[in-house]
Amino acid sequence: MFVSDFRKEFYELVQSQRVLLFVASDVDALCACKILQALFQCDHVQYTLVPVSGWQELETAFLEHKEQIKLLIKQDDDLEVPAYDDIFRDEEEEDEEHSGNDSDGSEPSEKRTRLEEEIVQQTMKRRQRREWEARRRDILFDYEQYEYHGTSSAMVMFDLAWMMSKDLNDMLWWAIVGLTDQWVQDKITQMKYVTDVGILQRHVSRHNHRNEDEENTLSVDCTRISFEYDLRLVLYQHWSLHDSLCNTSYTAARFKLWSVHGQKRLQEFLADMGLPLKQVKQKFQSMDISLKENLREMIEESANKFGMKDMRVQTFSIHFGFKHKFLASDVVFATMSLMESPEKDSSGTDHFIQALDSLSRSNLDKLYLGLELAKKQLRAIQQTIASCLCTNLVISQGPFLYCSLMEGTPDVMLFSKPASLSLLSKHLLKSFVCSTKNRRCKLLPLVMAAPLSTEQGTVTVVGIPPETDGSDRKNFFGRAFEKAAESTSSRTLHNHFDLSVIELKAEDRSKFLDALVSLLS
């Protein structure tokens, strides 16, 4: 069912019931879950939490509990959802078309006139129906052809808490992390991100204004959220500035750090800022305070000279007392890394619980563990990108670019996970666009494959839309993958909630790609 009023049509209905909560394995879903958990705790609502990584797990869990399920709600994307009248027709209208008038004893001339009028009327109705059906097909094709994301689920849940006057600072932070997850993974446009940041900024001012008044200063261990224009550098406050510059997609792509010339440009950039290498290569927290004071301005000024105009972004940070400070993007990377940890000893559910726990301020040790895993993941991404570009693994297949990671590639098991492979693919496409001189290739989407299971002979395939300034972040690969698999009888598994990620038998890869080329040409 579609829900427009979350308070009346959702929360008030489940408030008196025991709730079964299915949660997907992505950061935004975890944040929405945390907000709902806090609301349920507040209203003493009993619930069972079931993590689901794909459609198969969702179906299994649903069938297991279906006897107890009375209401199933899925939040749909709030963009361009077709109107009811454009998709559905009432049965009464159809019955009217087929109902004819029985003999009523009228004069033959009157009957003939009425019959002619009915024929004209029915002809008009049939024409209108054909037009409606054609329009319906076009609307559904446009709606189903692309995959795109609407408002963050965590923001929707926070809005619900706010409407019920139960919103807390912790809930606000989870909503911020949910939105930042969409931005980090390029799921929404820059305009949508800035608009939603503006909405959350007003809530941040409302919840945290007391901190500015010395008389009303909160206690040391309290949470404090602030809005700021910060550097577009990953984890730089928990890493060295040099490592952050080398492993941030934005700077690595523009400096072309996989080449000797790119490394030289990085040295020139650091020299332009006047920062000693000794300071840049040590932990950010250990840098001289005098350098850290004006660091943002220094980096932004030098970045402009090197053609990086978007070095600072609108974001939020959180302070837990005086010691712990995190940017929203830090938490996103840490939580994502915990969820897709390559450790073989733990199950997917263990990783899910660990990632969920890391969002609580009482589990900062898990958040710091996530940050360390995130550093390894980001290093692995940049090393793989350098390897792919230096060995020309990214090739043009005509309507799209294609890259395949070979068995035995370092960190290949990490990239068998959907979110990690998607992140690698997006960063690789950005770097490729910066490195190629072929104008046509700059406008092409990317299809990337990585080994999934050697025993079963399967690979994970992901499709990424073109990297353009005006990109609306709509992904057409979900439907294209379905049709290519269908036309070639390729053995695929469309199990992920993200339709542009599939599992494919390695033996069927060549015929699948051939079908995809002819389909998109």
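Brief remarks follow.
- In region 470-505, residue farthest from Gln182 (Cα to Cα) [restricted to those that are assigned to a helix (DSSP H, G or I) and small (Gly, Ala, Ser)]: Ser487
- Among the residues of region 37-74, the ones that are open to solvent by 70 Å² or more (accessible area, probe 1.4 Å), at pLDDT below 85, under 18 Å from Glu12 (Cβ atoms) and not basic (Lys, Arg) come to 1 in all.
- Looking across Leu446, Leu493, Leu452, one residue alone is under 19 Å from the mean Cα position of the chain (by Cα) and either within 23 Å of Tyr148 (Cα to Cα) or at pLDDT below 90 (or both). It is Leu446.
- Subset of region 127-152 (residues that are under 18 Å from the mean Cα position of the chain (by Cα) and open to solvent by less than 40 Å² (accessible area, probe 1.4 Å)): Glu147, Tyr148, Gly150, Thr151, Ser152
- The set of residues from region 11-36 being in a helix (DSSP H, G or I) and crowded, with 18+ Cβ neighbours inside 10 Å comprises Tyr11, Val14, Val27, Asp28, Ala29, Leu30, Cys31, Ala32, Cys33, Lys34, Ile35, Leu36.
- Any hit, region 418-429, residues being in contact (Cβ under 8 Å) with a residue 12 or more places away in the chain and in a strand (DSSP E or B): no
- Being loosely packed, with under 11 Cβ neighbours inside 10 Å, under 30 Å from Ser420 (Cα atoms), at pLDDT 85 or above and out of contact with any Ser or Thr (no Cβ under 7 Å at 6 or more places or on another chain) holds for only one residue in Met124, Met191, Met171, Met155, and it is Met191.
The values are calculated or read from the model by the stated rules, or taken from the named source; none is laboratory data. Keep in mind that what you see is a predicted model, and the values were worked out from it rather than measured. Cβ: placed from backbone, ideal geometry, glycine included. Neighbour counts: every protein chain shown. Protein only, heavy atoms only, side chains kept; ligands, DNA and RNA dropped before computing areas. Shrake-Rupley method; radii C 1.70, N 1.55, O 1.52, S 1.80 Å.
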